[in-house]
Amino acid sequence: MKSNKSILMRALAYSLLAAIGILLVSDQAFAKYSEKTIHVSVMNVEGNWEITGDLPQQALLISLQGLVNRTAPRLYLLYGLHYVYTNTQALLDFYQEQHHVDYMMIKSVPDALVKFRKYVKGYIVYDQKIRDSIVLSFTAAGIMDGVVVAPDQIPMMEKLGFKMLADFRGKFENMDTTQIYKWAYNHYWNKSSHKELIYMGGEEGKRMQPGVADMGIADRAFFYDLSTLPSSVTQYKLVSMLYSKMKPFSFLFGWHSYMKDYEHSYVTLASHYALRVEGLNTLPNMSFNRWIKLPPGYKFKASHSNLKNLKVEKKIYVSFIQSDGLGIGAWLRPGRGQIPYGWEVNMYLYHYAPAILQFYYEQATPNDFFIGTLGGPSYMYPKAIPPKYLPTAIKMASKLMKDLDLNMFEIFDASDSLTRDLPKNIVDAYFKYMPNAIGFVNGYGPAHTFAVKNGRAFMSFDYYLPPTRSEKEVVGDLKELATLNPKRPYFLFFHVREYTDVKEVMDIMKHLGPEFKIVPIDEFLKLAAMDPTFKTQYQFTR
Amino acid sequence: MKREVFHNWTIMVIFLITASIPGLSKAQSFVGTWNFDKSQSKNVGAFFESGEMRYQMKIIPEGNGKMVIEDLTSTEAGWRKSKLNVDLNAPETTSIHPRGNLASFSFEAVAIGPNQTIKTKAVQGSDKFAFDLTSYFTVLVSQGTYNIVLYSHYKLSPDGKTLTVTETRNSRKYDKQAVYVFHKAD
């Protein structure tokens with residue numbers, strides 16, 4: 001007979017083993033869907049984003065967020081409704097309702113630093129006079145596990161017991177941009193992860209909006225702000241070198257500088273190295289969002305029209321697609337759901353932060369139709385991608401579309417300043433390597449690439465709605481297009497700039513007669529393939 | 001995303017002809033450099049209305065009724081130039097326009113194809129400070145092509161410093177005229 005002491009010892013041993021087991025799996029538990037409540041902290045980072053204004057506090061918190069969220073979702077930031085991404089509160093509410101997130105607000109920066117002290121080894125001081133030193137400090141923050149601070153935040157950090165890890169004040173005063181990032185390359189490249197690069201561009205001058213920095217810091221990414229224009233010789237050479245060191249289909253997050261270069265130069269250069277562009281520099285909370293996983297067995301279900309027994313009428317068919325509509329556009333604004341409407345999906349989120357897509361998919365009305373974008377698995381220009389990588393790019397996009405229940409795909413290529421059209425071989429590549437797509441749409445502004453193959457249409461936008469055009473002028477434009485394209489049916493694909501909402505589009509369409517018929521994008525593409533009154537056209541031959 | 005910047009070739013042709021109209025003094029001449037004034041222009045299309053586009057014309061006489069009109073529009077790469085040759089002694093002028101979208105059609109899918117020929121006819125106005133131009137060209141649209149007829153009336157101010165061009169086209173008769181206002185740069 002065993003003694004009570006022996007039984008007790010055995011029970012203690014088993015308890016200890018169980019406790020060890022729980023500790024071992026606890027980190028892994030955050031990587032999988034959890035039905036347990038996720039307790040997080042939330043802070044407000046609204047402000048003016050000025051380097052000598054609110055940015056020091058905002059940047060500090062964003063850098064802290066990156067460190068804190070490395071191994072679990074712990075800190076979420078609210079950016080307010082005046083920020084370019086208007087959905088930070090709505091997403092948090094969604095996480096609370098659907099993903100068992102419970103939160104408490106932290107009111108001050110010192111409170112946040114005290115709460116998350118164990119994730120912060122110290123601080124990095126940037127030089128507010130030299131913008132590149134702020135960008136570089138994000139790289140240092142990720143590598144050194146520090147937060148970024150302005151000089152007048154040093155007393156606060158010292159008082160809280162944090163030590164200085166690096167001081168960039170005065171260090172780069174006699175250096176130009178290229179020299180600064182060469183210095184950063186020499187000191188930090190081998191210590192950074194190379195999983196992605198972060199182009200900390202966007203607004204220049206007095207403001208910076210480094211929303212995406214938390215993810216870059218969490219991933220120990222290399223940050224830069226280098227021009228992608230060939231005319232900026234030294235910067236272009238350096239950034240090309242950086243891109244050449246990335247594996248094909250690696251990510252470039254952030255966004256190009258509005259002062260130094262252009263979107264098309266950035267994406268063209270990126271595409272030359274088969275790199276995936278995902279914007280913007282303002283993209284918030286990704287270090288948090290990617291921890292929120294889908295419930296087991298979750299399947300994405302998009303709206304699809306019944307395409308059987310369609311009959312083509314002698315109408316002007318109109319279909320709308322909103323640019324950048326989910327995160328920064330009109331999704332949360334008036335009118336959505338009242339007419340069939342297309343929304344562009346950033347498909348990379350399927351792997352990076354699927355709960356964001358879940359949020360949109362579950363909010364979608366039967367009139368909200370999703371389309372895969374843009375050119376590849378991310379934003380890529382097919383004409384600039386090296387030919388050996390193009391099939392892979394399209395296949396990767398095709399796989400994502402299957403995962404997201406999408407059957408339409410959009411391409412936009414601005415690598416050629418003279419045209420937005422695509423040559424036949426590129427169009428044929430999409431037909432070939434995306435066999436499950438029912439159709440394609442090309443362009444941002446209007447374009448002239450049209451084809452039909454095996455019952456699938458490849459169309460271009462016939463109209464782009466800019467924000468400055470009056471309702472009356474737009475109506476005049478559409479009536480003119482109807483005159484210029486007299487055959488019926490006429491298929492008019494309409495691209496809507498992100499800041500115009502559905503209600504405004506509806507107000508425009510009210511002025512057009514019954515000859516104009518609004519249809520969903522899948523029905524539009526199917527009808528176009530059934531009766532292709534458009535002319536087969538490809539990029540002009542040179 | 002940034003907008004593209006396109007040509008509007010039609011404006012150019014006008015000045016050539018007017019520059020050689022007898023009776024006009026040098027001060028009243030159309031010859032020279034003209035800067036587009038967005039604030040005074042109306043119904044000119046989204047590109048011209050945007051603050052991003054810069055538009056300038058130069059009219060260069062070549063004697064014997066011949067002139068060259070240079071159309072300069074700003075692009076992200078700098079100024080972009082196209083040239084139009086006009087012969088006042090011929091009943092009709094033929095030019096080749098660079099391919100691309102047309103700014104006067106704003107964001108409609110309307111483009112000039114490669115090696116597009118434009119024919120123009122000039123008619124003296126009721127006074128020596130004005131004339132009319134009719135242009136014929138074919139544009140590319142999604143259904144193929146469409147023949148455009150562009151009617152333009154050019155009016156020089158008495159002091160010779162302002163040129164006003166009003167336009168209508170056959171594809172958009174129901175709308176108000178487009179009014180382009182230019183000021184002499186030199």
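Here are the numbers:
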quantity: Leading residue by the ranking (nearest to the other protein chains (Cβ to nearest Cβ)) among those in segment A:443-459 that are in contact (Cβ under 8 Å) with a residue 40 or more places away in the chain and part of a strand (DSSP E or B); calculated: A:Phe450
quantity: Scope segment A:482-505; condition more than 18 Å from A:Ile521 (Cα to Cα) and facing another protein chain (nearest Cβ under 8 Å); matching residues; calculated: A:Thr483, A:Leu484, A:Asn485, A:Pro486, A:Lys487
quantity: Filtered residues of segment B:113-141 (kept if among the β-branched types (Val, Ile, Thr), free of Cβ contacts under 8 Å to residues at least 40 places away in the same chain and surrounded by 14 or more Cβ atoms within 10 Å (Cβ to Cβ)); calculated: B:Thr134, B:Thr138, B:Val139, B:Val141
quantity: Residues of segment A:236-261 classified as within 14 Å of another protein chain (Cβ to nearest Cβ) and either closer than 17 Å to A:Tyr381 by Cβ or over 18 Å from the mean Cα position of the chain (by Cα) (or both), total; calculated: 5
quantity: Single unsatisfied condition, A:Thr373 versus (1) over 23 Å from A:Val502 (Cα atoms); (2) open to solvent by less than 30 Å² (accessible area, probe 1.4 Å); (3) without any contact (Cβ under 8 Å) to a residue 40 or more places away in the chain; calculated: (1)
quantity: Residue list for segment A:514-542, restricted to those being over 31 Å from the mean Cα position of the chain (by Cα) and away from every other protein chain (no Cβ under 13 Å); calculated: A:Pro514, A:Glu515, A:Phe516, A:Lys517, A:Leu527, A:Ala529, A:Met530
quantity: Test result for A:Pro296, open to solvent by 20 Å² or more (accessible area, probe 1.4 Å) and either within 14 Å of chain B (Cβ to nearest Cβ) or outside any helix (DSSP H, G or I) (or both); calculated: yes
quantity: Segment A:300-332: number of residues that are assigned to a loop (DSSP other than H, G, I, E, B), closer than 29 Å to A:Ser378 by Cα, within 14 Å of chain B (Cβ to nearest Cβ) and more than 24 Å from the chain's Cα centre (by Cα); calculated: 0
quantity: Residue within segment A:291-307 that is under 29 Å from A:Met459 (Cα atoms) and aliphatic (A, V, I, L, M) present; calculated: yes
quantity: Within segment B:142-186, strands (runs of 3 or more DSSP E) holding 3 or more residues that are open to solvent by less than 30 Å² (accessible area, probe 1.4 Å) and either hydroxyl-bearing (Ser, Thr, Tyr) or within 30 Å of A:Thr536 (Cα to Cα) (or both); calculated: B:144-156
quantity: Hits in segment A:186-208 (condition: polar (S, T, N, Q) and open to solvent by less than 30 Å² (accessible area, probe 1.4 Å)); calculated: A:Ser192
quantity: Single residue of A:Lys395, A:Lys399 found to be away from every other protein chain (no Cβ under 14 Å), open to solvent by 10 Å² or more (accessible area, probe 1.4 Å), among the charged types (D, E, K, R) and free of Cβ contacts under 8 Å to residues at least 24 places away in the same chain; calculated: A:Lys399
quantity: Residues (open to solvent by less than 10 Å² (accessible area, probe 1.4 Å) and part of a loop (DSSP other than H, G, I, E, B)) located in segment A:425-442; calculated: A:Met434, A:Ala437
quantity: Unique match (being part of a helix (DSSP H, G or I), at the interface with chain B (Cβ under 10 Å from one of its Cβ atoms) and either in contact with a Cys (Cβ under 7 Å, 6 or more places away or on another chain) or farther than 17 Å from A:Pro514 by Cα (or both)) among A:Lys479, A:Lys472; calculated: A:Lys472
quantity: Candidate set: segment A:491-542, residues that are among the aromatic types (Phe, Trp, Tyr) and under 26 Å from A:Leu326 (Cβ atoms); chosen: the one surrounded by the fewest Cβ atoms within 10 Å (Cβ to Cβ); calculated: A:Tyr499
quantity: Yes/no for A:Gln153 being open to solvent by 10 Å² or more (accessible area, probe 1.4 Å), under 29 Å from A:Asn289 (Cα atoms) and part of a loop (DSSP other than H, G, I, E, B); calculated: no
quantity: Tabulated pairs, segment A:262-288, first within 14 Å of chain B (Cβ to nearest Cβ) and closer than 18 Å to A:Ala221 by Cβ, second β-branched (Val, Ile, Thr) and assigned to a loop (DSSP other than H, G, I, E, B), C-beta under 6 angstrom, 6+ apart or interchain; calculated: A:Tyr266/A:Thr228
quantity: Selection from segment B:121-139 of residues that are away from chain A (no Cβ under 14 Å) and under 30 Å from A:Tyr538 (Cβ atoms); calculated: B:Ser135, B:Tyr136
quantity: Matching residues, segment A:57-81, being closer than 13 Å to A:Val109 by Cα and open to solvent by less than 10 Å² (accessible area, probe 1.4 Å); calculated: A:Gln58, A:Ala59, A:Leu60, A:Leu61, A:Ile62, A:Ser63, A:Leu64, A:Gln65, A:Leu75, A:Leu77
quantity: Among the residues listed as A:Thr234, A:Thr228, the single one being assigned to a helix (DSSP H, G or I) and without any contact (Cβ under 8 Å) to a residue 60 or more places away in the chain; calculated: A:Thr234
quantity: Hits in segment A:378-424 (condition: part of a helix (DSSP H, G or I), touching a Gly at 6+ places or on another chain (Cβ under 9 Å) and closer than 20 Å to A:Tyr360 by Cβ); calculated: A:Ala397, A:Leu400, A:Met401
quantity: Search result, residues across segment A:460-471 that are touching a residue at least 24 places away in the same chain (Cβ under 8 Å) and either open to solvent by 10 Å² or more (accessible area, probe 1.4 Å) or of a type outside the set (Phe, Trp, Tyr) (or both); calculated: A:Ser460, A:Asp462, A:Leu465, A:Pro466, A:Pro467, A:Glu471
quantity: Only listed residue being touching a strand residue (DSSP E or B) at 6+ places or on another chain (Cβ under 9 Å), under 21 Å from A:Ala414 (Cα atoms) and surrounded by 19 or more Cβ atoms within 10 Å (Cβ to Cβ), chosen from A:Phe251, A:Phe222; calculated: A:Phe251
quantity: Which numbered condition A:His351 fails, given (1) open to solvent by 30 Å² or more (accessible area, probe 1.4 Å); (2) in a loop (DSSP other than H, G, I, E, B); (3) not β-branched (Val, Ile, Thr); calculated: (2)
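Here's the yes/no breakdown for (1) at positive phi; (2) not in a loop (DSSP other than H, G, I, E, B):
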site	(1), (2)
A:His194	yes, no
A:Gly211	no, no
A:Val239	no, yes
A:Met246	no, no
A:Phe249	yes, no
A:Phe253	no, yes
A:Lys260	no, no
A:Asn281	no, no
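Yes or no, residue by residue, for (1) assigned to a strand (DSSP E or B); (2) more than 14 Å from chain A (Cβ to nearest Cβ); (3) at pLDDT 70 or above; (4) surrounded by 16 or more Cβ atoms within 10 Å (Cβ to Cβ):
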position: B:Val5; (1), (2), (3), (4): no, no, no, yes
position: B:Ile14; (1), (2), (3), (4): no, yes, no, yes
position: B:Ile17; (1), (2), (3), (4): no, yes, no, yes
position: B:Ser29; (1), (2), (3), (4): no, yes, yes, yes
position: B:Val44; (1), (2), (3), (4): no, no, yes, yes
position: B:Gly51; (1), (2), (3), (4): no, no, no, no
position: B:Ile59; (1), (2), (3), (4): yes, yes, yes, yes
position: B:Ser74; (1), (2), (3), (4): yes, no, yes, no
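The values are calculated or read from the model by the stated rules, or taken from the named source; none is laboratory data. If you're wondering where the values come from, they're calculated on a predicted model, not measured in any experiment. With ideal geometry, Cβ positions are generated from the backbone for all residues, glycine too; neighbour counts draw on all protein chains shown. Surface accessibility is based on the protein's heavy atoms, side chains included, excluding ligands, DNA and RNA. Shrake-Rupley method; radii C 1.70, N 1.55, O 1.52, S 1.80 Å.
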